[in-house]
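Starting off with a structure, shown below.
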């Protein structure tokens, strides 16, 4: 279930980066949004479609799939946060995914029990999230957020912590959906 839903998830996260581009007030912010959009469209979606094809799931089937409640909740939270808040709110809502997946790849690689290569059907997934292109996008996103957090008031920082916490909870719910085989 999550394999299919992740396709829809990535489509909506690409939309969120397009919203970030729209909300950008500087060329640097526009470039940052472009890099995030590019990472999803050029790296993640391609890998995802290839994975699905290997498991007998066509792109046509993915495009026709109804969204599960957890997918709707998470992606619409991110988009709503971007619409009602500013550019920093949006990037913080995206952070559990774009930064978190790189952290997860690092964690997986540090485990002595992690199997790499052909014996691991998810090796390409790990490889994509540890790739130079994804790492560059992840590092740029972290640096972009950190630079803006440096000037945040304590009240603003607390607001952003709430956004990050809520987005992280929804990320957990999204993956729990697959573990629990629910829609």
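The values are calculated or read from the model by the stated rules, or taken from the named source; none is laboratory data. Values in this document were obtained by computation on a predicted structure and should not be read as measured data. Cβ atoms come from the backbone with ideal geometry, glycine included; neighbour counts cover every protein chain shown.
Tell me, yes or no, whether segment 155-166 has at least one residue that is at pLDDT below 90 and surrounded by fewer than 12 Cβ atoms within 10 Å (Cβ to Cβ).
Checking segment 155-166: not a single residue is at pLDDT below 90 and surrounded by fewer than 12 Cβ atoms within 10 Å (Cβ to Cβ).
With respect to residue 123, determine if the residue is in contact (Cβ under 8 Å) with a residue 12 or more places away in the chain and either more than 14 Å from the chain's Cα centre (by Cα) or loosely packed, with under 12 Cβ neighbours inside 10 Å (or both).
no
Okay, next question. Listed residues 140, 95, 73, 136; which is within 17 Å of the chain's Cα centre (by Cα), surrounded by 18 or more Cβ atoms within 10 Å (Cβ to Cβ) and not in a loop (DSSP other than H, G, I, E, B)?
95
Looking only at segment 115-133, count every residue that is over 15 Å from residue 98 (Cα atoms) and part of a loop (DSSP other than H, G, I, E, B) and tell me the total.
Of the residues in that region, 8 qualify.
Regarding residue 113, is this residue touching a helix residue (DSSP H, G or I) at 6+ places or on another chain (Cβ under 8 Å) and either surrounded by fewer than 17 Cβ atoms within 10 Å (Cβ to Cβ) or within 20 Å of residue 176 (Cα to Cα) (or both)?
Considered against the rule, which asks whether it is touching a helix residue (DSSP H, G or I) at 6+ places or on another chain (Cβ under 8 Å) and either surrounded by fewer than 17 Cβ atoms within 10 Å (Cβ to Cβ) or within 20 Å of residue 176 (Cα to Cα) (or both), residue 113 comes out as no.
Right, residue 88: more than 20 Å from residue 3 (Cα to Cα) and either in a helix (DSSP H, G or I) or touching a helix residue (DSSP H, G or I) at 6+ places or on another chain (Cβ under 9 Å) (or both) or not?
It is true that residue 88 is more than 20 Å from residue 3 (Cα to Cα) and either in a helix (DSSP H, G or I) or touching a helix residue (DSSP H, G or I) at 6+ places or on another chain (Cβ under 9 Å) (or both).
Here are some residues: 79, 90. Which one is under 30 Å from residue 150 (Cβ atoms), surrounded by 21 or more Cβ atoms within 10 Å (Cβ to Cβ), out of contact with any strand residue (DSSP E or B) (no Cβ under 9 Å at 6 or more places or on another chain) and at pLDDT 95 or above?
90
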